1. Where in region 112-213 are there strands (runs of 3 or more DSSP E), lying fully within it, with 2 or more residues that are β-branched (V, I, T) and on the phi < 0 side of the Ramachandran plot?
2. Which count do you get for residues in region 287-310 that are crowded, with 22+ Cβ neighbours inside 10 Å and either among the small types (G, A, S) or not in a strand (DSSP E or B) (or both)?
3. I'm trying to understand the selection: among the residues of region 316-328, which are buried (at least 19 other Cβ atoms within 10 Å of the Cβ), out of contact with any His (no Cβ under 7 Å at 6 or more places or on another chain) and either closer than 16 Å to I385 by Cα or not polar (S, T, N, Q) (or both)?
4. Determine whether region 311-331 contains at least one residue that is of a type in the set (V, I, T), part of a strand (DSSP E or B) and more than 17 Å from the chain's Cα centre (by Cα).
5. I need a count of the residues in region 99-120 that are surrounded by fewer than 22 Cβ atoms within 10 Å (Cβ to Cβ) and either closer than 12 Å to R60 by Cβ or of a type in the set (A, V, I, L, M, F, W, C) (or both).
6. Select, from G202, G156, the only residue that is surrounded by fewer than 20 Cβ atoms within 10 Å (Cβ to Cβ) and of a type outside the set (S, T, N, Q).
7. Scan region 252-268 for residues that are among the hydroxyl-bearing types (S, T, Y) and buried (at least 17 other Cβ atoms within 10 Å of the Cβ) and jot them down.
8. Go through (1) crowded, with 23+ Cβ neighbours inside 10 Å; (2) within 19 Å of the chain's Cα centre (by Cα); (3) closer than 29 Å to S47 by Cβ for G362 and report which single condition fails.
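The values are calculated or read from the model by the stated rules, or taken from the named source; none is laboratory data. Quick caveat, the model's predicted, so the values are computed rather than measured. We place every Cβ from the backbone using ideal geometry, glycine too, and count neighbours over all the protein chains shown.
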Amino acid sequence: MSFFYAHGSIAWTTGQSATTTIDVTCTDATSGTFQPKAVRLWCVGISSATDATSTTLNMRRSHGFATGTAARRCIATLDADVNEDAAATAMICCAAMYDDCVIATVAKTPARDGALDFNGFLSTGFQMIVDDATPVNITVFFEAWGGTDITVADVGTISEPATATTVDSTVTGFTSGATDQIVFFGGCHQVTANTVTRQDSGFMVGAASGTGAANNIVMWGNNDDGSNLADTDRIGVSGLCLSACTIAGGNAAATASLSAFGTNQFTVSFATRALTNRKYIYLAMKGGQWTAADLNFPGSGNDVTVSSLSYTPQGLSFMCQGDVEQTSPTSIAHDILSMGCASSTSSRRSQGADSENGAGDGTITLNIQYDEVLSWTHAGTTYSIDITAISGTGFTLTAEDSLAGVNPANWVGYVACAGVPVAAAPSVAPPFRFTRGTDLESLPSAS
């Protein structure tokens, strides 16, 4: 049996025209290069091979999954910054969901103005292909999983129901009540696939490794399209894997959690809902060991150690919204979200984005770092969280910068993963050897 995990970055540049291919190498920390079975990707709209912060770019967030050339999904949102769009007199936001690419950018017209697609797995990684040239240089981060432990990897779409009810999603090979399964989620305010709509951004990320509040995590950030001043909100909570606010609203109006792993399916239960057919995408995997959970920093300058895992993590995925955990459905001001990942204390990366609430010019700050697992910049101050240890039962996070002001403490959602340990061969006593001179009366009786 085997389980492989890798993370890295992809340079998507304006010089890459349609049909340009990009080979991406996937390297497991202990086993070397491998062929993945599933890939997860995300970006915020910034491009840099080193730590960087920008206040002059639109927020072009996208989050996607792929398990094959015909099995991929992504969401894409736009939050325009007046520094890049000087003609803007009000907030410009757009949202889209696609099943023909894994990362996309959208324009205010509204239209798709950039698309990066999945072009197949390689023996040493995977290949991307440019469908539509990007309007600006963008660094895309990825996570990849492979190995014989993973027996199922699939993507799909969930549509928000018209009433508060359960929704089943088919995943062939999933088993009832299993503890070796994971579902990653993404979402935005779009009701029609492969269409861009001029409306609130509503970028959402979630995950679930089982039923119950402890195994579900979600965060979202939103900006209201057409508002004279930026009207931005965010939320980060455990107990839910899907959540969204109303259009032109602030608090969470749609809330759902994973309620069952079934035979060839999983089920999410909507406790509340607001926008019929709003699209959520997912990546579902079976095999290995998975934990979706959350933690809370008690205050600035503290370390937090997770020591409750029954395995040593090979890979870690992180999310946060730069503040304490909210009590759903109540959100807080500012659209601040960060996503990151790590495979060791020296191999980690993160991207963050902030759309400041109440700003008349749509003040947006984008952040990218290669020495932190979470990072974001708000009101001119950069905040970051790093990983300082990975142990046999968990990991330790530390606050790298002062978390004061709007950041008195931090809620962090995470997904940990690892392979299934190979059972040791049973010990067998060596056969008895008769040698010359052995006292036969001292031998064990056959009775």
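1. Details: elements: 125-132, 138-146, 152-159, 166-170, 181-187, 195-198, 203-208.
Answer list for region 112-213: 125-132, 138-146, 152-159, 166-170, 181-187, 195-198.
2. Summing the residues that are crowded, with 22+ Cβ neighbours inside 10 Å and either among the small types (G, A, S) or not in a strand (DSSP E or B) (or both) in region 287-310 gives 4.
3. Listed by number, the residues that qualify are L316, S317, F318, M319, C320, Q321, D323, E325.
4. To start, the set of residues in region 311-331 that are of a type in the set (V, I, T) comprises 312, 324, 327, 330.
Right, trim to part of a strand (DSSP E or B) and you get none.
Checked against the condition, which is being of a type in the set (V, I, T), part of a strand (DSSP E or B) and more than 17 Å from the chain's Cα centre (by Cα), region 311-331 yields no hits at all.
5. Total meeting the criteria: 5.
6. Working: G202 fails: surrounded by fewer than 20 Cβ atoms within 10 Å (Cβ to Cβ).
Selected residue: G156, the only one of G202, G156 that is surrounded by fewer than 20 Cβ atoms within 10 Å (Cβ to Cβ) and of a type outside the set (S, T, N, Q).
7. Quick first cut of region 252-268, residues among the hydroxyl-bearing types (S, T, Y) only: 255, 257, 259, 263, 267.
Within region 252-268, T255, S257, S259 qualify.
8. Against the list (1) crowded, with 23+ Cβ neighbours inside 10 Å; (2) within 19 Å of the chain's Cα centre (by Cα); (3) closer than 29 Å to S47 by Cβ, G362 comes up short only on (2).
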